[in-house]
Every structure is written in structure tokens, then in C-alpha cells.
Amino acid sequence: MIVLSLLPILAPVFIATGIGFIWARMGKDFPSDFIGRLVINIGTPCLIIASMAQTDVQLASIYRVALAAIGVFLITGIGFASLLKLSGQSIRTYLPPTVLPNNGNMGLPVCLFAFGEQGLALALGYFLVMMMFTFTAGIAMVAGGGRWQELAISVARQPVLWAMVIAVGVLLSDWTLPLWLANTLDLLGGFTIPLMMITLGVSLARLKVTRWYRSVLFSVMRLAGGLLAGWLMCLALGLTGVERGVVLLQSAMPVAVFSYLLTLRYNRDHQEVAAIVVTSTILAFIGMPVLLWAVL
């Protein structure tokens, strides 16, 4: 009975990811870079505004989830940096993948199917915090530093940030979007989650796993450490219901594929990070039914 109750949540995620995986294994062309830019620059901003405009979620609820996300990233960042330093591992290579979860490709659809439109709206708040950490501390860490002015400009250029600003403005003003605009945002935002899942499957098929032992170790750090930090923040902020469920799910997501792209761009140990992405995603898929059963 438990499996049947979770099937409507997990089946779309597994099937969409499987389509991408099989597509890549068949040798079919898939322009991941183009799809990624399309999703981040157009699809996700439209999804954010459309979701916030159509949901009855309170701004204070989004604020609490975003605050919890900040706490999770700070806890895991400080904790994992200390562990990596004590063990003599490269902080620049391994800290971003162990701290930054896959809140987009995997987190958004899981929260949507688990909690509906309210869950998606709250998950987007968590996702925005993750994006800001990625495009500031994440890039600075992998690249080996940089001027904060350049990082600030990089963040300011992200459409998802401005989409959230617009969405918050809509929530505060209680403004109803014109029907033509609402339909347009629904149409463009509608391709975001399916393409995210298919792209995840393609990425899993293309990435290679080396050093299974180390990959499993870092994957457990990401999943268990993130879940523990999420649980602590839920206790600290007194989160319950959907807010608690979203924070726990988003905190326990596997390593973001973008972490691999960062290490590849800045010539870090990208093969090692690729292995952690694959391993953590497999472990997340295995453990997801248990986690969903616990939060629902």
C-alpha cells in the first residue's frame, strides 16, 4: 500500500529521467548546453512567476523555507569544509558538490508531485537560495577566488533572481496577472520540469564512475549530511507540514550536475565529481521512497 501511494510521486520522476538516460545510451543527439541555458534563462523564470502568482502560499512561508535553506548551506559548508581539511582532501574540488544539492532537476519535480503547487512554490524559494550560493561562493571556491564585484555582477545577471523579485512583488501587491501573460508564463514554464528530468537522465548516461569507494563516501556525506542539516533547521525554525517536507526533501537531494560542469570548466578533478554525481543520484533514487514516506 505504501508503494502504491508513492507511485504517483516517484513514477513521473523515474520515467522522465529514464527517457533521458535511454536517449543518451542510444547515441541520440541531445544539446545539453543549449537545453540548460533555455531552462535556466527562460523556463525557470517563467515557472517561478507563474507558480507564485497562482498559488495561495504566504510570503512568510517562502521566507521561512529560504531561511532554512541558508542555514542548511552554512551548516553543511562549515561541517564539510572541516572534514575535508582534516582528511587532506581538496576543498576546492569536493566542497561544492557535497554542499550544493540538485534542487532543480530533481528537487522541484519531487516537491511538486509530493505537495502540489504549494510544494513547488516553496521548493522554488529553496532553489533560488541554492542558485545564489552556486553563482557566488560555489564559483569562487572552484575557480580559486575572484573579485566580489565580478561575482555580484554575475548574480545580478541571473534571470531567476529577477523572476523571484517579480514574483514577490506580485505576492505583496496581490496583483492578478492578465490572462494573456498568465497563459504565456504557464506555457513557457511548463517545459521546465520535464526538460530538467530528461537532462538529468542524459547527464547520468554520459558521466563515468571511477573510484566507487570515494564516490559512495562523498555521496553519503551529501545525502545524509544535507538531511541532518535540514532536520536541524526545521527544529530551529519550528517548521511543520509542507514547509518541513520541502526543506527535508530539498536538503537531501543528490549532487547537482552543475557541480560537475564547474569542475570541468575550471580544470578540477571533474571525473571524480562526475562519479559522485552519478553515485549520489542512484543512492537518492533508492532512498527516496523511504524519505517520502517519512515526510508525507
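Looking at region 71-84, which of its residues are surrounded by fewer than 19 Cβ atoms within 10 Å (Cβ to Cβ) and within 19 Å of E272 (Cα to Cα)? Within region 71-84, A81, L83 qualify. Has region 214-232 got at least one residue that is more than 18 Å from Q250 (Cα to Cα), within 19 Å of the chain's Cα centre (by Cα), among the aromatic types (F, W, Y) and modelled with pLDDT of 90 or more? So far as region 214-232 goes, no, none of its residues is more than 18 Å from Q250 (Cα to Cα), within 19 Å of the chain's Cα centre (by Cα), among the aromatic types (F, W, Y) and modelled with pLDDT of 90 or more.
Under the condition of being acidic (D, E) and in a helix (DSSP H, G or I), the residues counted in region 222-271 number 1.
Given the criterion modelled with pLDDT of 90 or more, out of contact with any Gly (no Cβ under 7 Å at 6 or more places or on another chain) and under 24 Å from R37 (Cα atoms), identify the matching residue among V202, V255.
It is V255.
Among the residues of region 85-108, those identified as surrounded by fewer than 24 Cβ atoms within 10 Å (Cβ to Cβ) and in contact (Cβ under 8 Å) with a residue 12 or more places away in the chain are S90, I91, R92, T93, L95. The residues listed here are A152, A114, A123; of these, the one that is modelled with pLDDT under 85 and either surrounded by 15 or more Cβ atoms within 10 Å (Cβ to Cβ) or part of a helix (DSSP H, G or I) (or both) is A152.
Looking only at region 217-230, residues that are buried (at least 17 other Cβ atoms within 10 Å of the Cβ) and of a type outside the set (S, T, N, Q) come to 9 in all. Does T281 satisfy the criteria of being crowded, with 20+ Cβ neighbours inside 10 Å, among the hydroxyl-bearing types (S, T, Y) and more than 26 Å from A68 (Cβ to Cβ)? Considered against the rule, which asks whether it is crowded, with 20+ Cβ neighbours inside 10 Å, among the hydroxyl-bearing types (S, T, Y) and more than 26 Å from A68 (Cβ to Cβ), T281 comes out as no. Count of region 44-63 residues, restricted to those that are buried (at least 21 other Cβ atoms within 10 Å of the Cβ) and either within 15 Å of the chain's Cα centre (by Cα) or not hydrophobic (A, V, I, L, M, F, W, C) (or both), is 5.
The values are calculated or read from the model by the stated rules, or taken from the named source; none is laboratory data. Keep in mind that this is a model prediction, so the values were computed, not measured. Methodologically, a virtual Cβ is constructed for each residue, glycine included, from the backbone with ideal geometry; neighbour enumeration extends over all protein chains shown.
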